[in-house]
Amino acid sequence: MEYERTGILREQHFDKYLVLHITLLFAFWIMYEIFIAPFIKEYNLVYFNILNPSIKVLGWTVPVFVILHAAGIDKLKYLKLNNNVKKGFMWGIFISIVTVLYNITGAVVMYNNIGFNPLFDINKWIGGVILIGFTEEVLFRGYFLQRAATNMKFWIANIVVSLLFLAIHFPIWYAKGSEVASGGMEWLCLILFVFLFSIVQGYVLKKSQSLWPCIMMHSVNNFMANALILS
């Protein structure tokens, strides 16, 4: 499937701005997750709970809308937020159910004891569940994937963007270390899961022609990751 190229998106120099966007995003996010976020969290947890999700919205989502607005592009249409909404939500319900079943099945197979507690801390609820589907999917599937797909085959674009999506997780993984995973096998499984999760998200976007199932699936997956107690 070829995505429509409109306005400034037809210009070759726009790809340079895309590369610049990605470079600045990664530079900012590495600095934030490794140095700034831990400092804020240690200084004042209340400030951290307010600033952390806000910074992600400002650093990840707002630039996409600014760039599309400057390019004279219908933002909601391009990001697939206002087309195929009904179909998108049907896909979202289906893929969210699959995500829940996958998380439960994986927990039962890999761990001796599992529990369920949806009352985890407010920062994880806001930044890790409510906002994360929107902030990350608008940037990676809604914008980066569709931009890449204008210049290469969709499956190649999906792989490239999935590698970027995987890479953006490394700063926080580095900062948190053993809190995220321990041992080579756990890290390998985590890396493979994040990469394949992104591949599936790209496929869902292509089939549904809506960003909403990607947003729903992402938020549901993170909810399960936080709510399941594994030991």
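The values are calculated or read from the model by the stated rules, or taken from the named source; none is laboratory data. Note that this is a predicted model, so its numbers are computed, not measured. When we count neighbours, we look across all protein chains shown, and the Cβ atoms used for this are built from the backbone with ideal geometry, even at glycine.
What the table shows:
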| quantity | calculated |
| --- | --- |
| Conditions (1) touching a Leu at 6+ places or on another chain (Cβ under 9 Å); (2) over 15 Å from L211 (Cα atoms); (3) β-branched (V, I, T): number failed by V108 | (1) |
| Enumeration of residues in segment 66-75 that are touching a residue at least 12 places away in the same chain (Cβ under 8 Å) and surrounded by 14 or more Cβ atoms within 10 Å (Cβ to Cβ) | I67, L68, A71, I73 |
| Subset of segment 84-125 (residues that are surrounded by fewer than 15 Cβ atoms within 10 Å (Cβ to Cβ), in a helix (DSSP H, G or I) and of a type in the set (S, T, N, Q)) | T105 |
| Selection status of I50, more than 19 Å from L131 (Cα to Cα), among the aliphatic types (A, V, I, L, M), at pLDDT below 95 and assigned to a helix (DSSP H, G or I) | no |
| Residue satisfying all of: in segment 172-198; surrounded by fewer than 16 Cβ atoms within 10 Å (Cβ to Cβ) and of a type in the set (A, V, I, L, M); farthest from G128 (Cα to Cα) among these | M185 |
| Any hit, segment 126-142, residues being of a type outside the set (V, I, T), more than 22 Å from S210 (Cα to Cα), assigned to a helix (DSSP H, G or I) and at pLDDT 95 or above | no |
| Selection status of L76, in a helix (DSSP H, G or I), under 21 Å from the mean Cα position of the chain (by Cα) and more than 18 Å from L205 (Cα to Cα) | no |
| Sole exception among (1) more than 30 Å from V19 (Cα to Cα); (2) crowded, with 16+ Cβ neighbours inside 10 Å; (3) of a type outside the set (A, V, I, L, M) for G59, by number | (1) |
| Positions within segment 1-21 being in a helix (DSSP H, G or I) and either modelled with pLDDT of 95 or more or not aliphatic (A, V, I, L, M) (or both), in sequence order | G7, R10, H13, F14, D15, K16, Y17, H21 |
| Whichever residue in segment 154-194 is assigned to a loop (DSSP other than H, G, I, E, B) and modelled with pLDDT under 95 and, among such residues, is nearest to the chain's Cα centre (by Cα) | V180 |
